[in-house]
Every structure is written in structure tokens, then in C-alpha cells.
Amino acid sequence: MANKKVTFIIDAKTGKAQAGMAKVDKSVKSMSSSMKSLGKTMGLVFGIGASISFLKSSIDKFIEQEKAIRKLDTALGKSTTTLQNYASELQKITATGDEVILGMMAQIGMFVKDEDAIKRLTVATLDMAVAQGMDMNAAAQLVAKSLGSSTNALSRYGVEVTGSVGSTERLETALKNMNDKFSGQAAAAADTFGGKIKTISDTFGDMQEVLIEEGGLIEAFDQFTERLDASAPIFLALTGTL
């Protein structure tokens, strides 16, 4: 009888323990399922957030590129794919974004209209800016000022400029003396680890610009704007505003 009692107690306790473990196991599974569900939800949220962030970044880069091209076109009084393509080529070997280079060309183009001269001056300006640790746009402004006025703003950097304003002599002396001092600096800076990382980043930026330009977003936005313009008078009439 005693043996049966002991067995009953052990069995009863074992049953309770098993039931308790089953509850724990059920709770763990429930928690695991909840965590998986939460993980999927968070993944979706972060995925959407990353997509929106990427789209915004792409739009911003496209707008920046478009503004740089418009500035250059306005400075020259015409559109030029030649200089746009040259800016893209310089980006690959100087670790300077083509939108920045286009901005430099626009500064120089206010006083120099010959495209070949603009190319040569842009390279020389990039070299000087890198060598002196200058802002690219500020360097282009100094070059433009030195060519477009009687003031040699490059003298503080040891660059002599002679000849009358707008003359070939003034252009050539500026180019020669800038190249004598700074030639190759931009390409040398690009041939570093940091320069290569910057070049990759600029290339990725170009891909984002293409995505916006050829992905149908601009066309869709134009259509939306047209429809909005067409429906605005109707809306204003219905609301009594018009």
C-alpha cells in the first residue's frame, strides 16, 4: 500500500511538471511567433523607410545635377553635351562629382566661351583647388575673376597672369603658370583609397540620377502637374473661392 501511495505521488508530481513544461513550451512558441511577426513588421517598416530615403536621395541628386547643367547652359548661352560628357570623364579621374565640375565650368564660362579653353581651365583649376585645399567653386571663381577682370586674384597662390582682359595671352599665361605649379594634383588625390571610395560614391550617385531621369518619375510628375492645373479651377469653383 505504501509503495502504491509513493508511486501515485510521484506520478502526480511528474504530471504537474509535464503540464508546467508544456505551458512553458507553449509560451516560448507563442513568444517566438510574436517575435517573428514583429521582425517581419519591422523589416517591412525599415524596408519602406530605406526605399523612401533612397528615392529622396535620388531626387535630390537629380535636382542638383539639373541645376548645375542649367547654370552652365545659362553662362554659355547654349546647351552643350560636350562639356557635360567631359565633366563625367573628369569625375572618374579626379574624385570630384560631375555636378561640382559643371558648376566650376559655369563660373569660368561667364568669361570664357571657347569650350576647349573651358576644359583646360577646369582641369587646371581642379589641380589648384586640390593642391591648396580649396573649395572647388571658390577656386573657379578666382580663375574666372582673374581672366574676366584686370585683377589677378591668383597672385596670392603664386600664379602670374599677364595680358589684357579677355586676351589669349591672359588665358595662356594663367594656364601655363597654374599647370607649372599644380598639374596632376587632382588625379594623384583620386588615386588614393579615399579618392577611390569617393569615385565609387559619385558613380552610385550617377546611377540614382539615371533612375530618376529614365525611370518615368519626371513624366509621371509632369502628368500629375497638368491634371492638377486642369482641376484647380473646378475645385475653386465648387468651393466658391473662384
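The values are calculated or read from the model by the stated rules, or taken from the named source; none is laboratory data. Quantities reported herein were computed from a predicted structural model and do not represent experimental measurements. As a convention, Cβ positions derive from the backbone with ideal geometry for all residues, glycine included, and neighbour counts pool all protein chains shown.
Here are a few things to note about the model shown:
- Out of Ala140, Ala131, Ala153, Ala190, sole residue that is surrounded by 23 or more Cβ atoms within 10 Å (Cβ to Cβ) and in contact with a helix residue (DSSP H, G or I) (Cβ under 6 Å, 6 or more places away or on another chain): Ala140
- The residue that is nearest to the chain's Cα centre (by Cα), counting only those in region 80-111 that are within 25 Å of Ser146 (Cα to Cα) and not in a helix (DSSP H, G or I), is Gly97.
- Check on Val143, in contact with a Ser or Thr (Cβ under 8 Å, 6 or more places away or on another chain), under 28 Å from Ala95 (Cβ atoms) and not in a helix (DSSP H, G or I): no
- Residue among Lys40, Lys23, Lys56, Lys36 that alone is assigned to a helix (DSSP H, G or I), over 30 Å from Met128 (Cα atoms) and modelled with pLDDT under 55: Lys23
- Residue within region 84-98 that is crowded, with 18+ Cβ neighbours inside 10 Å, of a type in the set (Asp, Glu) and farther than 25 Å from Gly158 by Cβ present: yes
- From the options Leu102, Leu121, Leu126, residue that is under 16 Å from Ala189 (Cα atoms), of a type outside the set (D, E, K, R) and buried (at least 24 other Cβ atoms within 10 Å of the Cβ): Leu126
- Top-ranked residue in region 156-177 [being closer than 30 Å to Lys92 by Cα and touching a Phe, Trp or Tyr at 6+ places or on another chain (Cβ under 9 Å); ranked as surrounded by the most Cβ atoms within 10 Å (Cβ to Cβ)]: Val159
- The C-beta contact set for region 115-133 (first residue within 18 Å of Lys176 (Cβ to Cβ) and at pLDDT 95 or above, second residue among the β-branched types (Val, Ile, Thr) and in a helix (DSSP H, G or I), distance under 7 angstrom, 6+ apart or interchain) comprises Ile118/Ile108; Leu121/Ile108; Leu121/Val143; Thr122/Ile101; Thr122/Ile108; Thr125/Val143; Leu126/Thr94.
- Meets criteria (of a type in the set (Asp, Glu), in a helix (DSSP H, G or I) and within 31 Å of the chain's Cα centre (by Cα)) for Asp202: yes
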